[in-house]
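K.L.:
Take this structure, written in structure tokens, and hold onto it; I'll ask about it next.
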Amino acid sequence: MASKNFSCIMISSVIMLLVPYLVNSLVFNMGFDPLGTFIVLFYIVNPLTAIGMGVYAGINVKVLLFQPLLLPLLFLTGMSMLFGTVAFEFIYYAQIYLILGYLTMFFIAWWMSREQ
């Protein structure tokens, strides 16, 4: 049980904390504007990660209930570390990721209970 939580926490931490920092530092140091890569992160990578965590948490809701909540919190932490502030837009994105994760988790839990 603890290894499932730890693996989810590590995946969430890498995607929400390390990837934006690496994108910002590598792309910005190459002389490009990192805006395009952040758009890809905000609209493709992060929502897919939230949905993936919801699917994984929906398989065992009792143990992994807090995983969809952890993802937006790590997102806000990463953005505040990267940009130095938490803007309203980041809170909006975090709410969307939270809703995506929990809706997916509840749908998968409902689907699995229906199958049994």
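K.L.:
From the protein chains alone at 1.4 Å, what is the descending order of accessible area for 107, 88, largest first?
P.N.:
The ranking, largest first, comes out as 88, 107.
K.L.:
Let me have the relative contact order for the chain, percent, based on Cα pairs under 8 Å that are six or more residues apart.
P.N.:
Reported relative contact order: 34 percent.
K.L.:
Right, next: Among 15, 39, 59, determine the one that fluctuates most according to a GNM of the chain built with springs between C-alpha atoms less than 10 Å apart.
P.N.:
Fluctuation is largest for 39.
K.L.:
Still on this structure, I have one more. How large is ³J(HN,Hα), in whole Hz, for each residue of the stretch 45-51 in order, when computed from phi with the Karplus curve 6.51 cos²θ - 1.76 cosθ + 1.60 and θ = phi - 60°, using x for Gly and Pro?
P.N.:
So the J values, rounded to whole Hz, are 5, 5, x, 5, 5, 4, 5.
K.L.:
Hey, another quick one. Students sometimes get this wrong: rank 55, 63 by accessible area, probe 1.4 Å, all chains present, largest first. Numbers along the way, then the final one.
P.N.:
Details: 55 60, 63 35 Å².
Putting 55, 63 in descending order of accessible area: 55, 63.
K.L.:
Grab the beta carbon distance between residue 21 and residue 59, set R0 = 22 Å, and tell me the FRET efficiency rounded to 0.05.
P.N.:
It comes to 0.15.
K.L.:
Return the calculated 222 nm mean residue ellipticity for the chain, to the nearest 500 deg cm²/dmol, obtained by summing -39500 (n - 2.57) across DSSP H runs with n ≥ 4 and dividing by the residue count.
P.N.:
Mean residue ellipticity, 222 nm, calculated: -25000 deg cm²/dmol.
K.L.:
When only DSSP loop residues count, what chymotrypsin sites (Phe, Trp or Tyr not before Pro) in the stretch 21-69 have their Cβ near at most 11 other Cβ atoms within 10 Å? List each step's numbers first, then the result.
P.N.:
Details: sites: 21, 28, 32, 38, 42, 43, 56, 66; in loops: 32, 66.
Filter output for the stretch 21-69: 32.
K.L.:
What number, in percent, do you get for the relative contact order of the stretch 54-115 if the mean sequence gap of Cα pairs under 8 Å and at least 6 apart is divided by its residue count?
P.N.:
With pairs under 8 Å counted, the relative contact order is 53 percent.
K.L.:
Stretch residue 10-residue 106 to full length: gain in nm at 0.36 nm per residue minus the Cα-Cα span?
P.N.:
Stretched fully, the residue 10-residue 106 segment lengthens by 32.3 nm.
K.L.:
Measure nothing but the geometry: give the 0 to 90° angle between the long axis through the Cα atoms of 67-83 and the longest principal axis through the Cα atoms of the chain, rounded to 10°.
P.N.:
With both axes taken from Cα atoms, the answer is about 10 degrees.
K.L.:
Compute the normalised compactness of the stretch 1-56: alpha-carbon radius of gyration over 2.2 N^0.38 Å, N being the residue count.
P.N.:
1.31
K.L.:
On to the next question. As a test of understanding, state the convex hull volume per residue of the chain from its alpha carbons, in Å³.
P.N.:
It comes to 92 Å³ per residue, whole-number rounded.
K.L.:
What number does the stretch 50-102 give for Rg over Rh if you use C-alpha atoms and the Kirkwood radius?
P.N.:
For the stretch 50-102, the value is 1.05.
K.L.:
Express in Å², to the nearest 10, the accessible area of residue 13 obtained by rolling a 1.4 Å probe over the protein heavy atoms while all chains stay in place.
P.N.:
Its accessible surface works out to 30 Å², give or take rounding.
K.L.:
Assuming R0 = 25 Å, can you tell me the calculated FRET efficiency for the pair residue 28 and residue 92, based on Cβ-Cβ distance, to the nearest 0.05?
P.N.:
0.55
K.L.:
Please compute the modelled spin-label separation between residue 116 and residue 66, points set 7 Å along Cα→Cβ, answer in nm with one decimal.
P.N.:
According to this spin-label approximation, the distance is 2.4 nm.
K.L.:
Moving on. Out of 52, 101, 84, any idea which swings most in a Gaussian network model of the chain, alpha carbons joined below 10 Å?
P.N.:
84
The values are calculated or read from the model by the stated rules, or taken from the named source; none is laboratory data. Computed from a predicted structure; not experimentally measured. Ideal geometry is used to build each Cβ from the backbone, glycine not excepted, and the neighbour counts take in all protein chains shown. Ligands, DNA and RNA are excluded from the accessible area calculation, which covers all protein heavy atoms including side chains. Shrake-Rupley method; radii C 1.70, N 1.55, O 1.52, S 1.80 Å.
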